[in-house]
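The values are calculated or read from the model by the stated rules, or taken from the named source; none is laboratory data. A quick note: this is a predicted structure, and the numbers were derived from the prediction, not measured. Quick reminder, even Gly has a Cβ in these numbers, built from the backbone with ideal geometry, and neighbours come from all protein chains shown.
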Amino acid sequence: MTKPAVLFDDFIAPPCFEDISIIYQDDAILLINKPSGLLSLSGKNPLNKDSVHFRLVQDFPEALLVHRLDFGTSGIMLVARSKEVVKALNHQFSNRQVSKTYTAILHGHVKHDVGEIDLPIAKGEFPRQKICFESGKQAHSEFEVIERLGDRTKVSFRPLTGRTHQLRIHSFAFGHPILGCDLYGTAQSQALSNRLMLHASRLVFKHPVSGQLMTFESDSPF
């Protein structure tokens, strides 16, 4: 019997010299601001040890990530401080009870002020995803133009589903890749920025203990 091929990511993250900032903390949760160029979780390669989780457990040994942001994405991340809390928050995420908003700069002139992208996403050739109407899972994103800047457009994205690389591949699929995206873009859109121009700018959820509606925002650095 032939064993399936095992795919290894040979990416080695360059050093990240920016600090994580804590936006909010209590006995149950942490809200942090992740810098671009930092992994959410440490990789299998020992050279990819530095990450959000690795840094946080130095001061908060009980820290558990509820969700992740891509290496190049900056912005708000929600962190649990116990197994019970991470379970409650995972329930909110899986039932789409958490509202996430991102700020991005796209290549080109986006014609419509508001719009939706409803294209199914499936696993592609590692580490990429792909649009696939046969095997893909539903993926739905909404956008609104914030500002048009010549050959680029600043938008607000609201992903209604949480597929891997969803905003990156949806942007590319409708002809306006996110600047600096190394997986889904053109040579020109990649060259226009030395970082992925995607920032998690707003997160709304219910506190896992009190049930209070919590809203947090992080100003986009671009």
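Scanning segment 111-146 for residues that are in contact with a Cys (Cβ under 7 Å, 6 or more places away or on another chain) and under 24 Å from S99 (Cβ atoms) yields a single hit, P120. Can you tell which of F205, F157, F172, F133 is over 24 Å from H67 (Cβ atoms) and among the aromatic types (F, W, Y)? Residue meeting the stated conditions: F133.
Just a yes or no: is a residue in segment 38-61 in contact (Cβ under 8 Å) with a residue 40 or more places away in the chain and not polar (S, T, N, Q)?
No, every residue in segment 38-61 fails to be in contact (Cβ under 8 Å) with a residue 40 or more places away in the chain and not polar (S, T, N, Q).
The C-beta contact set for segment 202-222 (first residue touching a residue at least 12 places away in the same chain (Cβ under 8 Å), second residue surrounded by fewer than 15 Cβ atoms within 10 Å (Cβ to Cβ) and of a type in the set (K, R), distance under 9 angstrom, 6+ apart or interchain) comprises P208/K87. Residue count for segment 164-179 satisfying the condition of being assigned to a loop (DSSP other than H, G, I, E, B) and either more than 14 Å from the chain's Cα centre (by Cα) or not assigned by TED's automatic domain parsing to the domain that holds F126 (or both): 5.
Among strands (runs of 3 or more DSSP E) entirely within segment 71-151, having at least 1 residues that are charged (D, E, K, R) and in contact with a strand residue (DSSP E or B) (Cβ under 7 Å, 6 or more places away or on another chain) singles out 99-107, 114-118, 121-123, 129-131, 140-149. For the criterion of being over 20 Å from P177 (Cβ atoms) and touching a residue at least 60 places away in the same chain (Cβ under 8 Å), V110 fails. Among the criteria (1) closer than 20 Å to T161 by Cα; (2) over 18 Å from the mean Cα position of the chain (by Cα), the one T73 does not fulfil is (2).
Taking into account only those residues within segment 109-123 that are surrounded by 15 or more Cβ atoms within 10 Å (Cβ to Cβ) and out of contact with any Gly (no Cβ under 6 Å at 6 or more places or on another chain), which is farthest from T153 (Cα to Cα)? Selected residue: L119. The residues on offer are K87, K83, and the sole one that is without any contact (Cβ under 8 Å) to a residue 12 or more places away in the chain and not assigned by TED's automatic domain parsing to the domain that holds I169 is K87. Candidates are the residues of segment 169-222 that are loosely packed, with under 14 Cβ neighbours inside 10 Å and among the hydroxyl-bearing types (S, T, Y); the one that is modelled with the lowest pLDDT is T186. Kindly establish whether L149 is over 28 Å from L56 (Cα atoms) and more than 18 Å from the chain's Cα centre (by Cα). So L149 fits the description; yes. One residue alone among K100, K111 is basic (K, R) and within 17 Å of the chain's Cα centre (by Cα), and that residue is K100.
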